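Here the structure comes first, spelled out in structure tokens, and everything after it is commentary.
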Amino acid sequence: MWCHRLSHLQSSLQDLLRGRVICWALQQPSFNSLFPLAVHWHHTASKYPNCAWQQHEDHFDHCRSASCYNSKTHQRSLDTASVDLCIKPKTVRLDETTLFFTWPDGHVTRYDLDWLVQNSYEGQKQKVVQPRILWNAEIYQQAQVPSVDFQSFLETNEGLKNFLENFLLYGIAFVENVPPTQEHTEKLAERISLIRETIYGRMWYFTSDFSRGDTAYTKLALDRHTDTTYFQEPCGIQVFHCLKHEGTGGRTLLVDGFYAAEQVLQKAPEEFDLLSKVPLKHEYIENVGECHNHMIGVGPVLNIYPWNKELYLIRYNNYDRAVINTVPYDVVHRWYTAHRTLTIELRRPENEFWVKLKPGRVLFIDNWRVLHGRESFTGYRQLCGCYLTRDDVLNTARLLGLQA
Ligand SMILES: C[N+](C)(C)CCCC[C@H](N)C(=O)O
Ligand SMILES: O=C(O)CCC(=O)C(=O)O
Ligand SMILES: [Fe+2]
């Protein structure tokens, strides 16, 4: 263990590191070594707080030198596994913006201080991966989120960006004036993502004919749920376009699952915790006509990033939840209590946003966040749509400069 104290630090570093403990470690290429390091910043009342460098034995990070990292492919060249885990640098030097390490074989690693702060664990812990506005019916309606026109969605980057911005913030978004055909709906989908083909097909088209072994293909009401909970990776986005309805009822229900989960976190944090830890099975068993499927997906109801506790996926479908056999006996009852708390939040009338889907108005739903359902209906009703892969939607958003 070695330690080097600096009594004076540049104000820029002071701003960046204030009040935090920052840990990182470095790796060195030609010497095949890893060097773990942590900086401890003590914010004191004095004008120049102390900054102490401390060697840790168990932190690792990334040398960006030309021999360690290929900046054309943005990939690591260094074989991490070939590095001695106990490597120590020969010298360490800090200037106004950069930290330098010289390794026993002479290789130099440089770290921009801003980069280090951005890539520190402490920094990431305080950052959200995706900014969102959680909503109940009133919040969503007050926000007056504009829909995007079909033409501007397809033909302009601003149209697409506006749409994606709102979609990322609220988890739902509408496109208007879409010609009511499956082909035009497909065009929309392909503008932002790859279509995720599933057992339901690529583009699906459904009525209440029970052509598939699922309640969706009837006239019955469907309580709020997310789809494809029985996939190991539930579908990221769902697109709905109602092409025809000659009858009554059939409104669509939307509920922000993350808003409800946030209420659980506030009111009963230990229940939130349980819902994020207990893995459950969901399953889809179908034997109707030519369709034979048995899908099983395993995962907790609430999925959170471990480092910042940010919720990124809710898996909620009471119809498709399988027998609980992945939970020890003594946890089952506690889990049901926690699940009930979440269900109560999800079912509060003030959290329900109801819309009637009409030909020409296409709805995109973040199936990892917003639950959907529908009212029972009469008459002939025809819906088309598809699922999208989440990675590809986020990819499009990032390329347009959005945080996702
Ligand atoms: C009709 N459509 C293809 C959209 C979906 C049908 C899937 C319904 C299933 N119970 C689920 O929630 O995943
Ligand atoms: O019929 C509807 O409006 C939606 C049915 C449903 O939940 C689904 O297809 O995933
Ligand atoms: Fe559904």
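The values are calculated or read from the model by the stated rules, or taken from the named source; none is laboratory data. In this text the structure is predicted, and so the values were computed from the model without any measurement. Ideal geometry is used to build each Cβ from the backbone, glycine not excepted, and the neighbour counts take in all protein chains shown. Ligands, DNA and RNA are stripped out before the accessible areas are found, and what is left, the full protein with its side chains, is counted by its heavy atoms. Shrake-Rupley method; radii C 1.70, N 1.55, O 1.52, S 1.80 Å.
List of remarks:
- Gain in span if fully extended, Ile344 to Gln151, counting 0.36 nm per residue against the direct Cα distance: 65.4 nm
- Charge dipole of region 137-399 (Cα centre as origin; +1 on each Lys and Arg Cβ, -1 on each Asp and Glu Cβ, all else neutral): 320 debye, rounded to the nearest 20.
- Cβ-Cβ FRET estimate between Glu233 and Glu158, R0 fixed at 41 Å, reported to 0.05: 0.85
- With a Förster radius of 60 Å applied to the C-beta separation of Asp223 and Thr91, the computed FRET efficiency comes to 0.40.
- Extending 7 Å from the Cα toward the beta-carbon at both Thr198 and His292 defines two label points whose distance is 2.2 nm.
- Distance between region 196-273 and region 96-166 - C-alpha centres, whole angstrom: 28
- The stretch between Arg64 and Asp84, if pulled fully straight at 0.36 nm per residue, gains 5.4 nm over its current Cα-Cα span.
- Using a probe of 1.4 Å, the accessible surface attributed to Met295 totals some 60 Å² when neighbouring protein chains are kept in position.
- Modelled spin-label separation between Glu262 and Lys127, with each label point placed 7 Å from Cα along the Cα-to-Cβ direction: 2.1 nm.
- Region 291-337 shape via C-alpha gyration tensor axes, a/c threshold 1.5: oblate
- Global form of region 248-381, assessed from the alpha-carbon gyration tensor, a/c cut-off 1.5: oblate
- A dipole drawn for region 190-340 from +1 and -1 charges on Cβ atoms has a positive end, and of Pro306, His339, Val264 the residue lying farthest that way is Val264.
- Per-peptide average of other Cβ atoms within 10 Å, ordering 328-340, 153-165 highest first: 153-165, 328-340
- About the Cα centre, charge dipole magnitude for region 253-363 (Lys/Arg +1, Asp/Glu -1 at Cβ), debye: 240
- Note on Ser376 and Phe100: their simple-model spin labels are 7.8 nm apart, each label 7 Å out from Cα toward Cβ.
- Gyration tensor (alpha-carbon) shape descriptor, region 185-284, a/c threshold 1.5: prolate
- You can think of it this way: the chain between Phe210 and Ile139 has 21.9 nm of extra reach, that is 0.36 nm per residue less the Cα-Cα gap.
- In range of the label at Arg76: residues from region 283-320 whose backbone nitrogen is under 19 Å from the point 7 Å along Cα→Cβ: 307
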